[in-house]
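The values are calculated or read from the model by the stated rules, or taken from the named source; none is laboratory data. In this text the structure is predicted, and so the values were computed from the model without any measurement. So basically every Cβ, Gly included, is an ideal-geometry build from the backbone, and we count neighbours across all protein chains shown.
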Amino acid sequence: MANSKWWQKAVVYQVYPKSFQDSDNDGVGDLNGITKRLDYIKKLGVDVIWLNPIYKTSNIDGGYDISDYQALNPTFGNMADFEELLNRAHTLGLKVMMDLVVNHSSFEHEWFKKSLVKEKDNPYRDYYIWCDPIEGHAPNNWGSFFSGPAWTYDQASGQYYLHLFAKEQPDLNWDNPNLRHSIFEMMNWWANKGIDGFRMDVISLISKPEGLSDAPKDDNALYGNAGDLVANGPHVHEYLREMNQQVLSKYDWITVGETAGVTVDEALKYANLNGSELNMVFQFEHMGLDGNRNPALGKWDDHHVSLPELRENLVKWQRALNKKAWNSLYWNNHDQPRVVSRFGNDAPKYRVLSAKMLAAVLHFMQGTPYVYQGEELGMTNAGFQDLKDYRDVESFNAYHELVEQTKLVDKEMMLKYLRARSRDNARTPMQWNNSSNAGFSEHTPWIKVNSNYKEINAENALDDPCSIFYFYQRLINLRHKLPIITEGEFELVSGNEKDEFVFAYTRKLEQQTLLVVANFTANEVKRNYDVPQTRKMLIQNYDEDKDNYLRPYEVKVYMY
Ligand code: ISL
């Protein structure tokens, strides 16, 4: 580890362009808006910006339905705007990671339009996954991740095409070498523009299982759940090694695979330190603990995860990848509810304390931390009361299926589930100040601003030395300064395994130890961790140290 790679010491800031900053007042964020706010991002101290998709899109799924990989969404700006953003970021010492969405394209992509023609010599037909009907039905029982079937029938050619997500997002056929070649060419084209890496959307799903057999189906569900069947398919590592040879190995990039369904054994392959595939993966296990209790409802739930469950999972990943592969660390992204509302406490009394506690717990673990826009302000879930406030295709489809079709959930309960789990919780506009629309836009935003923006906003945070923003800034500076945070061995404090209140772990490097003690509850508790008198307090979220007493959501980090 003495030779840590730059991306192992880095912190990434995720920008969801649609909701970050609107510069032309059409109610939608854009590239010039991001450029205008680069100084803010730089001030936080991060090293890399990850931009969610900014490409030309059919706009069904927040830009994850790309109709041209080498053109930009005109609502966000043009190529000159992008180049300006990239240059300005580089001048400030910030790298830019792009989103690569190649499990599927949009149905409006040229490749799919050409693919629709079923002729023997049409090279594009095989860019997608077409199958004959079986006894007049879809080729198998798979459901889409966004509700409904994963197959759509094409009248003209008499075949079905596969789409694991919306029907406007047909899956690409990675078994076709020409398709792989086209994708690698496109990636090299972006490399020539000077970008610094890719976050790869659902890259664990690109190799489909042979035979495409039926998936397990819950009695109450309309379709089979293909999640486990399609994740980590038979050729996924072969295709990523090929991508690595053709593209990634040529550049000093940061690469992270979004790997739905990844296990630790699979992660050891995707993110192996030998560099044959990707730098790191996003695993999802800790994001699934508070849902998925009822297979027919999937993620829709408002259950609260217990600390022992959460800790067990985080610790498992810290241990399993140690010295072999690399973790990414995240609480939030554009698909997840806000962490302070989910694992912390967003009541006014505890919001700041618990946001800082969660930040410290994450940032002292081993891996590359990701901060999602607004997390550094302690932004909370949206709190929408009405279905019409939502914008997300997954939320609408789930409502339609569970409330109207299967009637497994009543309307009020589903609205409660959406308030807890909808992806729109992460997508409300960035809260910059207390002016109208939170300083995001002078036009009505594409999605409602959270009503708490007058209190929770960047301007207030920057004026307050005790803000969550400055706490994140300090965590990031500490990571840059202290090799132990990147390299130190992770250990759970002995006896902490079953503690329902406190998470306590150490990091050790040579003679140095870091001890992180975090109270995950609003209770006051007493714990004795036998810390030497010579200790130094590295960071804490209360003014003074009360030794064995831990106050609500208290976190403290000692070094000795
Ligand atoms: O969001 C989820 C659960 O609510 C996940 O199942 C999510 O769909 C999955 O992690 C894949 O996400 C990625 O690909 C999707 C896109 O909608 C997401 O925004 C993206 O992060 C399809 O491209």
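Assorted remarks:
- Long-range neighbours under 7 Å by Cβ, at least six apart or interchain, first residue closer than 10 Å to Leu297 by Cα and touching a residue at least 40 places away in the same chain (Cβ under 8 Å) within region 396-411, second part of a helix (DSSP H, G or I) and aliphatic (A, V, I, L, M): Leu402/Met414; Leu408/Leu402; Val409/Leu402; Val409/Val403
- When restricted to residues that are more than 16 Å from the ligand (Cβ to nearest atom), closer than 17 Å to Gly63 by Cβ and of a type in the set (A, V, I, L, M), region 386-438 contains 1.
- The condition (being more than 27 Å from the chain's Cα centre (by Cα) and surrounded by fewer than 17 Cβ atoms within 10 Å (Cβ to Cβ)) is satisfied by just one residue among Pro139, Pro123: Pro123.
- Cross-chain or 6+ apart pairs with Cβ under 8 Å, region 514-528 first and more than 8 Å from Tyr553 (Cβ to Cβ), then of a type in the set (Gly, Ala, Ser) and in a loop (DSSP other than H, G, I, E, B): Leu514/Gly488
- Residue in region 492-512 that is under 22 Å from Gln21 (Cα atoms), of a type in the set (A, V, I, L, M) and buried (at least 17 other Cβ atoms within 10 Å of the Cβ) present: no
- Among all positions in region 201-221, there is at least one residue which is buried (at least 19 other Cβ atoms within 10 Å of the Cβ), within 12 Å of the ligand (Cβ to nearest atom) and not aliphatic (A, V, I, L, M).
- Only residues that are buried (at least 19 other Cβ atoms within 10 Å of the Cβ) and in contact with a helix residue (DSSP H, G or I) (Cβ under 7 Å, 6 or more places away or on another chain) were counted in region 520-553, giving 5.
- Per this entry, Glu401 is counted among residues that are under 19 Å from Phe146 (Cβ atoms) and either at pLDDT below 95 or outside any loop (DSSP other than H, G, I, E, B) (or both).
- Residue list for region 456-487, filter: surrounded by 16 or more Cβ atoms within 10 Å (Cβ to Cβ), part of a loop (DSSP other than H, G, I, E, B) and assigned by TED's automatic domain parsing to the domain that holds Thr368: Ile456, Asn457, Ser467
- Residue list for region 403-433, restricted to those being buried (at least 20 other Cβ atoms within 10 Å of the Cβ) and either of a type in the set (Asp, Glu) or over 25 Å from the mean Cα position of the chain (by Cα) (or both): Val409, Asp424
- The requirement of being surrounded by fewer than 20 Cβ atoms within 10 Å (Cβ to Cβ) and in contact with an Asp or Glu (Cβ under 7 Å, 6 or more places away or on another chain) is fulfilled nowhere in region 393-402; no residue meets it.
- Qualifying residue in region 265-279 (condition: in a helix (DSSP H, G or I), within 16 Å of the ligand (Cβ to nearest atom) and buried (at least 21 other Cβ atoms within 10 Å of the Cβ)): yes
- Tallying residues that are away from the ligand (no atom under 15 Å from the Cβ) and under 12 Å from Trp317 (Cβ atoms) within region 280-306 yields 1.
- Any hit, region 39-47, residues being within 23 Å of Gln336 (Cα to Cα) and in contact with an Asp or Glu (Cβ under 7 Å, 6 or more places away or on another chain): yes
- The residues on offer are Pro348, Pro295, and the sole one that is within 22 Å of Phe145 (Cα to Cα) and surrounded by fewer than 21 Cβ atoms within 10 Å (Cβ to Cβ) is Pro295.
- Asn425 part of a helix (DSSP H, G or I), modelled with pLDDT of 95 or more and within 17 Å of Asp26 (Cβ to Cβ): no
- Selection status of Tyr40, at pLDDT 95 or above and more than 16 Å from the ligand (Cβ to nearest atom): yes
- Taking the numbered list (1) more than 16 Å from the ligand (Cβ to nearest atom); (2) touching a Gly at 6+ places or on another chain (Cβ under 8 Å) in turn, Leu314 passes all entries but (2).
- Those residues of region 357-398 which are among the acidic types (Asp, Glu) and either modelled with pLDDT under 95 or within 30 Å of Gly45 (Cα to Cα) (or both), in sequence order: Glu375, Glu376
- The single condition among (1) buried (at least 20 other Cβ atoms within 10 Å of the Cβ); (2) in contact with a Pro (Cβ under 9 Å, 6 or more places away or on another chain) that Lys9 does not satisfy is (1).
- Set side by side, the residues Ser106, Ser147 differ, and just one is within 24 Å of the chain's Cα centre (by Cα), in a loop (DSSP other than H, G, I, E, B), within 16 Å of the ligand (Cβ to nearest atom) and modelled with pLDDT under 95, which is Ser147.
- Region 292-321, subset within 18 Å of Asn496 (Cβ to Cβ) and part of a loop (DSSP other than H, G, I, E, B), residue nearest to the chain's Cα centre (by Cα): Val305
- Checking Ala355 against (1) within 15 Å of Thr428 (Cα to Cα); (2) more than 16 Å from the ligand (Cβ to nearest atom), the condition it does not meet: (1)
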